Each structure stands twice: as structure tokens, then as C-alpha cells.
Amino acid sequence: MTAEALRALILQSDLPGIQAALPLEPTLIDAVDADGVPLPMLAARESSLEVLRYLVEYGLRVNLNAVDSRGRDLLHYAAEGRDPEKCRYLMTRGGMDPLRGDLALVSPYDLAMDNPATRACFVHAVGAEPEELYHNPVRRGFFPDPSILRVGEDYYMVNSTFTFFPCIPVSHSRDLIHWEVVGHAIERPEWSALEGLEGGRGWWAPDISYAPDTGLFYICATLRLNDVGAVRRRQMVVTSRSPEGPYSEPVFFEEDGIDPSLFHDDDGRHYMLLNRGARIFEIDGSATRRLSETTLLYYGSQKRAPEGPHLLKRDGWYYLFLAEGGTGTGHRETVARSRTLMGVYQPSPYGPVIRQWDERSPIQRCGHAKPVTLPDGRWAFVYLCGRPLEGRWTMMGRETALDAFTWTADGWPLLNEGRGVSTQARKLLPDAPVPGHTDWLTPRAPRPGTLRWEGDTLTLRGDPFPLTDTRCRSVVLQRQREPRFAFEAALTVPGSGEAGLTCYYDEHSFLTAGVRDGALHVTEQIGLETVTHAPVPAALKPGDRLTLRVEADGLRRTLLARAGDGWRTLCALENMTYLSDEGVRLGKRFTGAMVGVYALEGTAVFDGLRYEET
């Protein structure tokens with residue numbers, strides 16, 4: 001018996017033949033066919049229910065946790081096979097999750113929707129129509145370290161921006177799924193405090209809150225400085241009468257630590273928390289004056305890298321939430337509680353309230369959460385996550401996910417009724433789409449006159465400093481939101497200098513494709529190494545029209561140019577891992593890949609800037 005012969009038996013649904021052959025050579029079931037499909041998954045898609053049942057119940061080497069190279073499991077293949085009985089068997093008897101996403105976040109439920117029979121089976125199993133579900137992450141691309149606040153039926157969220165400007169976006173939503181940036185904690189360049197900071201420093205882990213007694217909205221964050229001098233971390237607070245802002249000039253508290261949050265107790269007193277563990281000190285209601293020394297409340301349940309503390313008061317308990325385990329694969333959110341603010345705090349007997357235990361999942365690095373209550377009394381977390389390409393390279397950086405939680409009978413939060421982190425889940429609120437617009441960022445605050453928007457046309461005055469220099473300001477970027485996308489930009493060839501498009505992470509990690517002296521140039525910055533590709537002659541003159549385009553597929557980038565008729569491929573780069581968090585071991589890498597345009601020395605005019613997910 002060969003693997004090909006077993007494959008033929010599976011395709012013929014020849015159960016007696018399989019029963020005769022497989023016990024003698026059980027390892028044959030480990031094979032994959034010529035298309036790379038593992039034989040058990042081929043059976044789930046192509047064979048009979050009786051064959052599938054035999055393999056699941058008697059095939060000792062068949063593993064219901066197994067996935068293929070795309071992250072798809074047996075239930076994905078059964079859904080593709082359009083047999084509702086096999087799907088029902090795997091869900092009810094195999095306990096397989098109909099909403100578990102593959103590496104592209106596609107679930108068996110999604111695959112079942114194009115066939116009436118399987119659609120009805122999955123809708124019944126899940127108890128929801130497609131329009132009632134959403135996919136995580138809800139805020140895609142470089143939106144890390146979320147903090148959320150509800151104001152009536154409106155929700156406001158802030159995220160870290162590190163050395164990018166404007167600093168700390170304030171996003172608004174009415175359904176927790178669709179978000180729009182409506183303001184920033186810091187919009188004035190002179191308040192940004194980013195001058196000279198290395199990539200990955202700057203504004204870390206903001207928190208947004210509201211105090212009824214003052215009528216103020218507060219945003220606090222850590223300003224992470226370079227590793228020189230005695231002071232490397234400062235805590236900042238800004239205030240406003242409106243969650244959108246504008247916010248006040250930053251006030252600083254000179255306390256070492258990161259990830260501050262504010263807690264406004266119901267007795268009218270106000271506190272700042274920050275790591276390590278959860279430390280606390282009292283401040284006044286204007287958030288301009290410190291009123292006490294710092295006290296350690298609790299060091300955490302896991303006690304590795306305890307940070308991101310948040311306090312919640314509910315039913316006479318103070319609940320203390322902490323991000324622990326570092327922001328890699330061991331990340332988690334833990335919770336402890338006390339009857340008094342100053343403790344002693346006792347950890348939840350249920351373990352981490354958020355932790356990605358499924359190594360197969362496309363969503364990893366889950367933690368750094370904040371709870372929010374809905375108007376009807378239900379609860380949810382927004383939390384940090386990452387989608388590593390090929391299980392290793394977090395190119396979109398750390399993103400924001402959403403999941404519901406309930407309270408146990410003994411008063412502890414439980415995510416998704418114990419099912420844990422989701423890739424697809426039921427919506428908590430009716431859809432409320434918001435106007436989409438591009439949130440453009442620059443590395444550090446631009447100098448006056450560097451960029452000017454007139455409608456969709458951008459005039460960008462080039463800096464004399466290269467992109468490797470923290471003084472370079474003539475780069476305009478948006479977040480990469482998906483592994484597959486295309487971005488293009490048209491420009492009028494400048495009379496001097498260089499201009500073009502860039503795939504950018506920080507000053508140590510970027511790709512540029514631009515025009516200089518009439519030729520097309522491609523450069524890669526990989527850590528401290530500069531890779532200069534051979535120039536591509538193009539005979540371009542100042543004033544000519546040039547369109548540049550990058551097409552991304554996972555770790556691959558294809559660069560194209562058009563000057564006149566037809567696209568010309570400049571190069572195809574297969575391994576762009578240096579645009580991921582893990583790709584270069586240099587400095588702080590907590591952000592995510594971005595894409596945009598740049599100019600050096602001359603002045604460039606861009607239009608037709610277009611990002612599309614493919």
C-alpha cells in the first residue's frame with residue numbers, strides 16, 4: 001500500500017479498503033497529496049461521512065487539532081466539501097470550532113456560506129447570520145496598547161504612536177467595530193517632544209478616562225526617552241472638556257515607569273497607576289499636582305513584565321487588571337481584586353482572563369486589555385494582539401481586538417464564556433459604519449512648510465537628511481492593515497533631489513523606490529546595512545509624470561513604475577522580514593509596517609495616493 005493508493009481509496013469512499021489497509025500501515029495517513037492537502041483533510045472534503053468517522057475514531061494518527069500550511073483544519077475542509085452532515089459531526093462530536101480562523105482569518109463558517117445546505121448547518125450551530133458576526137482584529141495595523149471609554153452610546157479609544165505624529169489618536173465608534181480617528185492627544189508639533197528620539201521610543205501605552213466630579217476627559221501616557229541621561233521615562237497627562245479634544249498642553253509627572261492609567265474613585269479622589277506591577281499615587285482633579293508618594297499595590301499573578309495596570313470598581317470590589325508575560329507569545333491579561341483600594345489584592349482563581357493558548361491561531365500576543373461596559377450592562381475588553389506572518393513575523397505590528405466577557409457567579413471576569421480569544425464572534429451592537437478617511441502620520445513632527453495638502457494633492461518639501469536620520473521629516477505614511485495590499489502614488493518628477501514611495505518601519509528598516517537624476521532607484525535599509533539596487537534607466541525629466549506602485553503578498557514586495565503606457569517591474573523582493581517587529585534586532589520595535597511617500601532635498605508633488613487591500 002502506498003500513500004497514493006490510500007488517497008484513491010479516500011476519494012472513492014472505499015471504507016472496507018481503508019479499514020483493511022490503514023491498521024497495517026498507519027503512518028500512510030500522515031501523507032499529503034500532490035496539492036499539499038493532508039489525507040485526513042482530503043477525506044473531510046471529498047470522502048463520505050463513514051470514512052471521516054472511521055479516521056477520526058479509529059485512525060490513531062488523526063489529530064483534530066492539526067492544520068495545513070494555510071492554518072485550516074478538518075472543519076474548514078468539510079465546509080469546502082459542502083456536506084452538512086460531516087460538518088455537523090465535526091462540530092457536535094468532534095467539538096470543532098466553526099469560527100476558528102485560518103491564517104487569513106477565514107473560518108469554516110465563512111467557507112460554508114456559499115452553499116445553502118452548509119450555510120443552514122453553520123448558522124444553526126453558531127446561532128447567528130453572517131451579518132451578525134465580526135472578525136478580529138477590529139482595529140488593524142499599527143494600533144497597539146488600546147484603552148477605551150464609553151460616553152453614553154459613543155466609544156472612544158486611544159492607542160500608542162511612539163515617535164509618529166500626530167501623537168496618540170482618539171478614535172470614535174458607536175458599534176465597537178467601525179472606528180474613525182476624530183482627534184489626537186497631541187496635535188501641536190511644539191508639544192510632541194519627539195525631537196531626536198529613536199524609533200520605538202516616544203509615546204507609549206496611553207489611557208483615556210473621565211471624572212464626573214471635574215467634567216474632564218483625561219489622556220495619560222509615558223514619554224519614553226532615549227537610553228541616555230538619568231531620566232528615561234516621564235508620565236504625561238492632558239485634559240479636555242470633550243473626548244475628541246482639543247487637549248491641553250501636556251503636564252508631566254516625574255515618576256519612573258511605563259503604561260500609566262488614571263483611576264477616578266467614587267469618593268472624588270484621583271490616582272495614577274503605572275508599572276512595575278501596579279504602583280499608585282494620588283493626584284489632584286486637574287491632573288497637574290501630585291498628592292502622595294508611590295505605593296506598590298500588587299506585582300501581578302505571573303510576575304513577568306507586569307505592566308499596563310487598570311483599576312475598575314464594581315459591586316464593592318476593586319478589580320486590578322495587569323498585562324503580563326511580555327508582549328510576545330507569552331502575553332496575557334490577569335486580574336486580581338480587593339475590598340479596599342490599597343489592598344491586599346488576590347488573583348483570580350480562573351487564571352488569565354485573556355491568553356492565546358491556541359498556537360495555531362492567526363491571532364497571537366494577546367493582552368494589555370481594558371474593560372468597557374455597554375449601556376445594557378454587558379461587558380467587553382479591547383486588547384492588544386498581533387498577526388504573525390508564517391507564525392513568526394508580526395508585520396502589521398500590534399493591533400486591537402475585541403471580545404465580550406461575563407462575570408462568574410463569584411464575581412470574576414470570564415472571556416467569551418470560557419472559550420478564550422476569538423477570531424470571529426457575534427457583534428455586541430448594531431452596525432454603525434463611520435466615514436472612512438486616511439490617517440496620515442509622519443516620523444516625528446514635521447517642520448513648518450514641509451508638507452501641504454490641497455485636496456488629494458500633497459506637496460512635500462524634501463529634507464537634506466536621509467531616512468536613516470532621526471532628523472528626517474519629509475516622509476508621509478499610513479498604516480499597513482493587511483498582509484496583501486497595493487499602494488501607488490503619482491508624482492511630478494522634481495527638478496532636484498529624490499522622491500518616491502516607501503515601505504517603512506523605522507529609520508533602521510525601510511524600502512524606497514524613487515526617481516533621482518532621471519533614473520529609478522531602489523534601496524533597502526536592513527538594520528545597519530544599506531542595500532542599493534542597480535539604477536534602472538528611465539530618461540525621466542523634471543515635470544514628467546511618474547506613477548510608482550508596490551504590491552505586497554505577505555513577506556513579498558513587487559515594485560513597479562509607469563511613465564506613459566504600461567507598468568514596468570523594477571524588482572521583486574521575496575523576504576521583507578525586516579519590516580516586522582522581529583525582523584531587526586536594533587532598538588525598540590513595537591510599531592508596525594507602514595507605506596507612503598518621501599522626498600529628499602527637492603520638492604515633490606504627489607497625487608493619486610491609493611491604498612487597496614488585495
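The values are calculated or read from the model by the stated rules, or taken from the named source; none is laboratory data. Predicted, not measured: the structure shown is a model, and the values here were computed from it. As a convention, Cβ positions derive from the backbone with ideal geometry for all residues, glycine included, and neighbour counts pool all protein chains shown. Just the protein is used for accessible areas: all its heavy atoms, side chains included, with ligands, DNA and RNA removed. Shrake-Rupley method; radii C 1.70, N 1.55, O 1.52, S 1.80 Å.
Selection of segment 166-184 for residues being surrounded by fewer than 22 Cβ atoms within 10 Å (Cβ to Cβ), part of a strand (DSSP E or B) and of a type in the set (A, V, I, L, M, F, W, C) yields Val181, Val182. Annotation note: of Leu573, Leu600, Leu520, Leu586, the sole residue that is modelled with pLDDT of 95 or more and within 22 Å of Leu389 (Cβ to Cβ) is Leu573. Selection of segment 331-340 for residues being open to solvent by 20 Å² or more (accessible area, probe 1.4 Å) and in a loop (DSSP other than H, G, I, E, B) yields Arg339, Thr340.
Pairs are defined by a Cβ separation below 7 Å, a sequence spacing of at least 6 or placement on different chains, a first member in segment 404-418 that is more than 14 Å from Gly351 (Cα to Cα), and a second member that is loosely packed, with under 13 Cβ neighbours inside 10 Å and at pLDDT below 95; the pairs so defined are Thr406/Glu417. Of the residues examined, Leu429 is not one that is open to solvent by 10 Å² or more (accessible area, probe 1.4 Å), among the hydrophobic types (A, V, I, L, M, F, W, C) and over 23 Å from the mean Cα position of the chain (by Cα).
Considering segment 552-574 alone, what residues qualify as being buried (at least 17 other Cβ atoms within 10 Å of the Cβ) and of a type in the set (Gly, Ala, Ser)? Once the filter is applied, which keeps residues that are buried (at least 17 other Cβ atoms within 10 Å of the Cβ) and of a type in the set (Gly, Ala, Ser), segment 552-574 yields Ala552, Ala561, Ala563.
Within segment 283-299, the residues that satisfy the criterion of being among the hydroxyl-bearing types (Ser, Thr, Tyr) and out of contact with any Asp or Glu (no Cβ under 7 Å at 6 or more places or on another chain) are Ser286, Thr288, Thr295, Tyr298, Tyr299.
How about segment 19-41: which of its residues are more than 27 Å from Arg70 (Cα to Cα) and open to solvent by less than 20 Å² (accessible area, probe 1.4 Å)? The answer is Ala21, and nothing else. Taking each residue of segment 71-90 that is more than 14 Å from Glu50 (Cα to Cα) and looking for partners that are surrounded by fewer than 19 Cβ atoms within 10 Å (Cβ to Cβ) and not aromatic (Phe, Trp, Tyr) with beta-carbon atoms closer than 6 Å, six or more apart or interchain, yields Arg82/Asn115.
For the subset of segment 351-393 comprising residues that are exposed (fewer than 15 other Cβ atoms within 10 Å of the Cβ) and among the basic types (Lys, Arg), which member is farthest from Gly328 (Cα to Cα)? The qualifying residue farthest from Gly328 (Cα to Cα) is Arg378. Remark: pairs (first residue in segment 196-220, without any contact (Cβ under 8 Å) to a residue 40 or more places away in the chain; second residue surrounded by fewer than 20 Cβ atoms within 10 Å (Cβ to Cβ); Cβ separation under 9 Å; 6+ apart in sequence or on different chains) = Gly215/Arg241. For segment 119-158, the set of residues classified as open to solvent by 30 Å² or more (accessible area, probe 1.4 Å) and part of a loop (DSSP other than H, G, I, E, B) consists of Gly127, Glu129, Arg140, Gly152, Glu153, listed by residue number. When Tyr578 is tested against (1) assigned to a strand (DSSP E or B); (2) within 26 Å of Arg387 (Cβ to Cβ); (3) open to solvent by less than 20 Å² (accessible area, probe 1.4 Å), just one condition goes unmet, and that condition is (1). Evaluate segment 133-151: report whether one residue or more is at positive phi and either touching a Gly at 6+ places or on another chain (Cβ under 9 Å) or without any contact (Cβ under 8 Å) to a residue 12 or more places away in the chain (or both). Within segment 133-151, one or more residues are at positive phi and either touching a Gly at 6+ places or on another chain (Cβ under 9 Å) or without any contact (Cβ under 8 Å) to a residue 12 or more places away in the chain (or both).
Considered as a group, the residues in segment 251-290 that are crowded, with 16+ Cβ neighbours inside 10 Å and among the small types (Gly, Ala, Ser) include one that is farthest from the chain's Cα centre (by Cα), and that residue is Gly285.
Across segment 494-511, the number of residues qualifying as open to solvent by less than 40 Å² (accessible area, probe 1.4 Å) and either β-branched (Val, Ile, Thr) or over 15 Å from Arg610 (Cα atoms) (or both) comes to 12. Does Gly367 fit the bill of being part of a strand (DSSP E or B) and touching a strand residue (DSSP E or B) at 6+ places or on another chain (Cβ under 6 Å)? The answer is yes for Gly367. Of all residues in segment 82-118, those satisfying the criterion of being surrounded by fewer than 22 Cβ atoms within 10 Å (Cβ to Cβ) and small (Gly, Ala, Ser) are Gly94, Gly95, Ala104, Ala117. Working only within segment 468-493, note down all residues that are open to solvent by less than 10 Å² (accessible area, probe 1.4 Å), over 29 Å from Val138 (Cα atoms) and under 27 Å from the mean Cα position of the chain (by Cα). Cys472, Arg473, Ser474, listed by residue number.
Of the residues making up segment 373-426, those that are part of a loop (DSSP other than H, G, I, E, B) and within 11 Å of the chain's Cα centre (by Cα) number 6. Scanning segment 217-244 for residues that are over 20 Å from the mean Cα position of the chain (by Cα), aliphatic (A, V, I, L, M) and open to solvent by less than 30 Å² (accessible area, probe 1.4 Å) yields Ile219, Leu223, Met236, Val237, Val238. Every condition in (1) at negative phi; (2) open to solvent by 40 Å² or more (accessible area, probe 1.4 Å) is met by Ser13 except one, and the failing one is (1).
The residues of segment 292-324 that are open to solvent by 10 Å² or more (accessible area, probe 1.4 Å) and outside any loop (DSSP other than H, G, I, E, B), listed by number, are Thr295, Leu296, Leu297, Tyr298, Glu307, His310, Leu311, Leu312, Lys313, Arg314, Trp317, Tyr318.
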